[in-house]
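The values are calculated or read from the model by the stated rules, or taken from the named source; none is laboratory data. Because the structure is a prediction, the values reported are computed rather than measured. Using ideal geometry, Cβ is built from the backbone for each residue, glycine included, and neighbour counts are taken over all protein chains shown. Side chains included, ligands, DNA and RNA excluded: accessible areas come from the protein's heavy atoms. Shrake-Rupley method; radii C 1.70, N 1.55, O 1.52, S 1.80 Å.
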Amino acid sequence: SQQGEEDPQALSIQEGENATMNCSYKTSINNLQWYRQNSGRGLVHLILIRSNEREKHSGRLRVTLDTSKKSSSLLITASRAADTASYFCATPAGGTSYGKLTFGQGTILTVHP
Amino acid sequence: DTGVSQNPRHKITKRGQNVTFRCDPISEHNRLYWYRQTLGQGPEFLTYFQNEAQLEKSRLLSDRFSAERPKGSFSTLEIQRTEQGDSAMYLCASSLWTGYNEQFFGPGTRLTVL
């Protein structure tokens, strides 16, 4: 079963707009990771946020984590056509960095030029 | 390029044939993972190694699947007697065990079973 669930399943925006994707998970974790996947390609690691962090930034990316609600969000500001991809959140199985990651089904983001 | 590499990138085979995929992790990483991804889904865990030891196998991994990491460096994933349901993207990832397990993925091998 998949622990992380992304919302929405698909998001379509214009270039320059912000895109927000949400992820919910079920068990306690010590970190959460976000990945991007361009069509037919491998996954690119975007950001890891630890359970003792509430917010983290990387370039145009902003990730928040609310452990009380078991949810995370990924915000991409000033989106570009090149941001078009699927975005996945991933959590460590068993809550800690035990080994494997469990992924949600992803959010498909389309940015129109 | 010092990222994770996978070969071949694409494999088309007939049902019943055996296939083998190779993954070369980032050189200093001691953990290596295999995932499978079907269209419209997120990756699903198959198995992982720490150095040469296989520490966990998913129940998804039937006895037709076998993985090795003989010297703790590259890994191979073999599928025997392929079935059409094996068609998927097979992803390899590696990490340096630091407690947070940030994983870095290769480009994947897309398998098509006819």
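Ignoring ligands, DNA and RNA, what percent of the accessible area of the protein assembly as shown is carbon or sulfur (1.4 Å)? Let's see the in-between values first.
Values: 4960 of 10920 Å².
The computed percentage sits at 45.
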Average accessible area per residue (Å²) across the protein assembly as shown - probe 1.4 Å, nucleic acids and ligands excluded: 48
Average Cα contact separation per residue, chain A, under 8 Å, 6 or more apart, as relative contact order %: 38
Determine the principal axes of the Cα atoms in segment A:57-113, then give the extent along each, sorted from largest to smallest and rounded to whole angstroms. 41, 20, 19
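Can you give the alpha-carbon Rg of chain A over 2.2 N^0.38 Å, where N counts its residues?
Numbers: Rg = 13.3 Å, N = 113, 2.2 N^0.38 = 13.3 Å.
For chain A, the normalised Cα radius of gyration comes out at 1.00.
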Whichever lysines have a C-alpha closer than 25 Å to that of residue A:70, once near sequence neighbours (fewer than 8 apart) are set aside: A:26, A:56, A:100
Two pseudo-spin positions, 7 Å from Cα along C-beta at residue B:59 and at residue A:17, lie apart in nanometres by 4.2
Calculate I(q)/I(0) for the protein assembly as shown by the Debye formula, one identical point scatterer on each C-alpha and no solvent, and give its log10 at q = 0.07 Å⁻¹ to two decimals. -0.22
Kirkwood hydrodynamic radius for segment B:1-68: how many Å is it when counted over pairs of different Cα atoms? 13.6
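Given an 8 Å cut-off on Cα distances and at least 6 residues of separation, report the relative contact order of chain B as a percent. Mind showing how you got there, number by number?
Details: 287 pairs, mean separation 41.4, N = 114.
Taking the mean separation of contacting Cα pairs over the length of chain B, I get 36 percent.
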